[in-house]
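Q: Structure incoming, see below.
The values are calculated or read from the model by the stated rules, or taken from the named source; none is laboratory data. Remember, it's a predicted structure, so these values are computed and weren't measured experimentally. Positions of Cβ are backbone-derived with ideal geometry, glycine not excepted, and every protein chain shown enters the neighbour counts.
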Amino acid sequence: MLVTNRVNYILNTINRIGKVSVINLSKELNVSLETIRRDLKQLDEQGELIRIHGGAKNKKYKDEGTSFNNRAHLNINDKQTLVNQVIENIYEGCVIGLDASSSSWLVAQAMPDFRCTVVTNSLNNINVLSEKRNITTIALGGYFSEKYKAFYGLITRNNLIEMTLDLCVISCVGFDKESGVWDSNEYNLDVKRTLIKVSNKSILIADKSKHRKKSLLKICNIDEIDILISNAEI
């Protein structure tokens, strides 16, 4: 790839998602890690981006999402009640996608240990499911986010887009009937949209604290979700 095209790709990517990794760019552009590091160094010196450990970020980048650790224990009783309804839709032999939300983490914990396959980008889900002998876990690779304890990026999406799932379970930052389903950052947005696209049935699990809330990015319209599981008064 020509240097100009490569640099344009890097800048377009970083302007779109806010943050990039050297490893992902190397694989996506089919060049060496050292080549990407030189490109990022030059772009940093030109004031186009800010170099960080392992990659670079947009000068205006601000990740609005809440970390997994901070979300894990919010509204836990409400979530547990909703998780039980999600489990009713899971059956032996199914292929299910789980996003990296704290609600999906509770679903992974509650899943019966019968023969099925789970596809996920969440490290927490992988750890929980590794203890269940009858469940086959497919881990989506990609750029690892310590904040979200999950994998993201083009590699993650490319792996997922080649699959066909029976159902997926996602959560959100906010939802309502009129405006749709919302999330706070591009990382989670891309995975959730792709899960919906490749699944025969999509399940949104969202407790009442998320009803009538909006955020930065729209995942989809509410009618693109097959099953809404919530304790909100809708």
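Q: Restricting to segment 162-204, count the residues that are more than 21 Å from residue 148 (Cα to Cα) and in contact with a Phe, Trp or Tyr (Cβ under 6 Å, 6 or more places away or on another chain).
A: 0
Q: Here is a list: 75, 89, 70, 58. Which entry is surrounded by 15 or more Cβ atoms within 10 Å (Cβ to Cβ) and at pLDDT below 75?
A: Numbers: 89 fails: at pLDDT below 75; 70 fails: surrounded by 15 or more Cβ atoms within 10 Å (Cβ to Cβ); 58 fails: at pLDDT below 75.
The match here is 75.
Q: So which residues in segment 156-171 are farther than 28 Å from residue 25 by Cα and either assigned to a loop (DSSP other than H, G, I, E, B) or not assigned by TED's automatic domain parsing to the domain that holds residue 80 (or both)?
A: 171 - this is the single residue of segment 156-171 that is farther than 28 Å from residue 25 by Cα and either assigned to a loop (DSSP other than H, G, I, E, B) or not assigned by TED's automatic domain parsing to the domain that holds residue 80 (or both).
Q: Got at least one residue in segment 188-202 being surrounded by 20 or more Cβ atoms within 10 Å (Cβ to Cβ), over 28 Å from residue 58 (Cβ atoms) and aliphatic (A, V, I, L, M)?
A: no
Q: May I ask you to verify whether residue 83 is assigned to a helix (DSSP H, G or I), of a type in the set (Val, Ile, Thr) and at pLDDT 90 or above?
A: Details: assigned to a helix (DSSP H, G or I): yes; of a type in the set (Val, Ile, Thr): yes; at pLDDT 90 or above: yes.
Criteria met by residue 83.
Q: How many of the residues making up segment 181-234 are under 22 Å from residue 139 (Cβ atoms) and either part of a loop (DSSP other than H, G, I, E, B) or acidic (Asp, Glu) (or both)?
A: The qualifying residues number 4.
Q: Considering segment 151-164 alone, what residues qualify as being touching a residue at least 24 places away in the same chain (Cβ under 8 Å) and either surrounded by fewer than 22 Cβ atoms within 10 Å (Cβ to Cβ) or out of contact with any helix residue (DSSP H, G or I) (no Cβ under 6 Å at 6 or more places or on another chain) (or both)?
A: Matches in segment 151-164: 151, 154, 155, 156, 157, 161, 163, 164.
Q: Still on this model: Is it the case that segment 172-180 has a residue that's over 21 Å from residue 87 (Cα atoms), touching a strand residue (DSSP E or B) at 6+ places or on another chain (Cβ under 6 Å), of a type outside the set (Phe, Trp, Tyr) and not in a strand (DSSP E or B)?
A: Yes, segment 172-180 contains a residue that is over 21 Å from residue 87 (Cα atoms), touching a strand residue (DSSP E or B) at 6+ places or on another chain (Cβ under 6 Å), of a type outside the set (Phe, Trp, Tyr) and not in a strand (DSSP E or B).
Q: So which of 52, 17 is surrounded by 17 or more Cβ atoms within 10 Å (Cβ to Cβ) and modelled with pLDDT under 90?
A: Step by step, each of 52, 17 is checked, and only 17 is surrounded by 17 or more Cβ atoms within 10 Å (Cβ to Cβ) and modelled with pLDDT under 90.
Q: Might you let me know whether segment 105-122 holds any residue that is loosely packed, with under 14 Cβ neighbours inside 10 Å, of a type in the set (A, V, I, L, M, F, W, C), part of a loop (DSSP other than H, G, I, E, B) and touching a strand residue (DSSP E or B) at 6+ places or on another chain (Cβ under 9 Å)?
A: Yes, the conditions are met somewhere in segment 105-122.
Q: So, one more: Sort out which residues of segment 92-101 are surrounded by fewer than 24 Cβ atoms within 10 Å (Cβ to Cβ) and in contact with a Ser or Thr (Cβ under 8 Å, 6 or more places away or on another chain), and write them in order of number.
A: If we filter segment 92-101 for residues that are surrounded by fewer than 24 Cβ atoms within 10 Å (Cβ to Cβ), which is where we start, we get 92-95.
Listed by number, the residues that qualify are 94, 95.
Q: Can I ask one more? Here are 145, 130: which of them is within 13 Å of the chain's Cα centre (by Cα) and not acidic (Asp, Glu)?
A: Being within 13 Å of the chain's Cα centre (by Cα) and not acidic (Asp, Glu) holds for just one of 145, 130, which is 145.
Q: Can I ask one more? Every residue in segment 135-152 that is modelled with pLDDT of 95 or more and outside any strand (DSSP E or B), please.
A: 140
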